[in-house]
Amino acid sequence: MIPEKILLKPGTLWTSVKERTEHALKCGALLSIPTEFEFVEQDGVRFLVRVLANIDRKKAAKEKQEKQTIVSGKEFNPFLPYEEDLFVADISDTHVCILNKFNVVDYHLLIITRAFEEQESLLTLEDFAAMWACLADFDGLAFYNSGKAAGASQRHKHLQIVPLPLAPSGPQIPIEPLLTAAKFQDAIATIPSFPFIHAFTTLTPLMSAQTILERYHSLLQAVNLQPSGAYNLLATREWMLIVLRSHEEFESISVNSLGFAGALLVRNQQQMQLLKDYGPMTILKNVAAVDEISSGK
C-alpha cells in the first residue's frame, strides 16, 4: 500500500478513541459487559481469566440479529453499515476503525474493511497497512480470528486491537515470558513451551506493511496452513504469532486469539472451576491443532 492511502493522521488515534468512547457510552451505543477477574497459573504463565458478570446484553443482541436474518432472508452484517456512534477514525481508503459494541476490555477497537470480505480469507497488504498504522499510534495487541473454529463471530473481515497492558500487574501480555525462549530458524521461530502448532517472528516499528505481509506468509507456511484451515494471529509492535486451530471451544469454554495471549474469558463460576480443574494451557492445547508426533499419538 502506498503511504498516501493511509488517512489516519499520526498522533490522533488514542485521543479519538477516548472521545468516541465517552460519546458512545453517553448515547447508549457502547454496551460494555462488566467482568471480574483472577489469575490462574499453569506452565509458567499467569493467565488472566475474566468472568462475565452479565451476558444478557450480548445474548439479546444476538437473538435480534438472528430475527433480522430470518425476516430479511440474508445474514445480518453489523458492519454494513456500522453504527455511526461507534465510528473512531478513517484508517485508509479500504479500512475504518470502530469501537467494539459489546466490549469486555476498555477501548477495544475493530479494524473493519469498508467493503465486504470474508473473515476466513487471507490477510492482505491493505489489512496489514491498516493494522500497522493503528499500532503506531496505539500501543496494543492486534489479533485476527480466522474462521469460526478460531473464535470468529462475524463473517465480515475485521482485525481487533486491545490496549496494553492486558493485565493490571505482571507482564503486559501474560504469555510474553515464554517468548524469550523462542528458537529461531532464520526469521521464524517456535516457542518450546507451547504444546500446539504455532510459528513466531519478531517485528520492528520501522518495518513496512509489505515486510510484515511477507512475514505473515512465512508463518502460514511454517504451520502448513491448509486452504480451509482456521488460525489465530496475534501481533504487537515487536512480534507476531500464528496458532493453528482445531476446535472453537473446550467443554463449552470458547477461545479466541486472546486465549493464546494468556487472557481467557468464561461465562460463569462453573466454567471458571472447569478451567482451574483442567488448567488454561491444557485448554489451549485442546482447541489448537497439535503435532501428533510431539503429542505422543
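Values in this text are rule-based calculations from the coordinates and carry no lab data. Predicted, not measured: the structure shown is a model, and the values here were computed from it. Please note: Cβ atoms are built from the backbone with ideal geometry, for glycine as well, and neighbour counts cover all protein chains shown.
Proximity of backbone amide H atoms, modeled 1.01 Å from N, is registered between Val45 and no other residue at under 5 Å, excluding neighbours fewer than 5 places apart on the same chain. Put +1 on the Cβ of every Lys and Arg and -1 on every Asp and Glu Cβ in region 3-287; which of Asn224, Ile111, Leu284 then has its Cα farthest towards the positive end of the dipole? Most positive-ward Cα: Leu284. For region 195-280, the Cα-based Rg and Dmax, in that order, read 15.2, 46 Å.
Given the peptides 197-207, 28-38, arrange them by the average over their residues of other C-beta atoms within 10 Å, most packed first. Walk me through the intermediate numbers first.
On the way: 197-207: 16.6, 28-38: 14.5.
In descending order of packing, they fall as 197-207, 28-38.
The ranking of Lys101, Lys183 from fewest to most other beta carbons within 10 Å of each one's beta carbon is Lys183, Lys101. Over the Cα atoms of region 245-296, the radius of gyration divided by the Kirkwood radius equals 0.98; this is the Rg/Rh ratio. The Cα center of region 204-249 and the Cα center of region 106-146 differ in position by 13 Å. With respect to the cross-link table entries Lys26/Lys101; Lys157/Lys183; Lys18/Lys148; Lys101/Lys157; Lys101/Lys148; Lys101/Lys276, which display a Cα-Cα separation exceeding 24 Å? From the list (Lys26/Lys101; Lys157/Lys183; Lys18/Lys148; Lys101/Lys157; Lys101/Lys148; Lys101/Lys276), the Cα-Cα distance tops 24 Å for Lys157/Lys183; Lys18/Lys148; Lys101/Lys276.
Extents of region 138-297, taken as max minus min of Cα coordinates on every principal axis and listed largest first, are 45, 39, 35 Å. Per-residue 3J(HN,Hα) values for region 97-110, derived from phi via the Karplus relation 6.51 cos²θ - 1.76 cosθ + 1.60 with θ = phi - 60°, read 10, 10, 7, 6, 4, 9, 7, 9, 9, 4, 6, 7, 10, 10 Hz in sequence order (x marks Gly and Pro).
Note on the chain: Cα-Cα pairs beyond 33 Å make up 20% of the total pair count.
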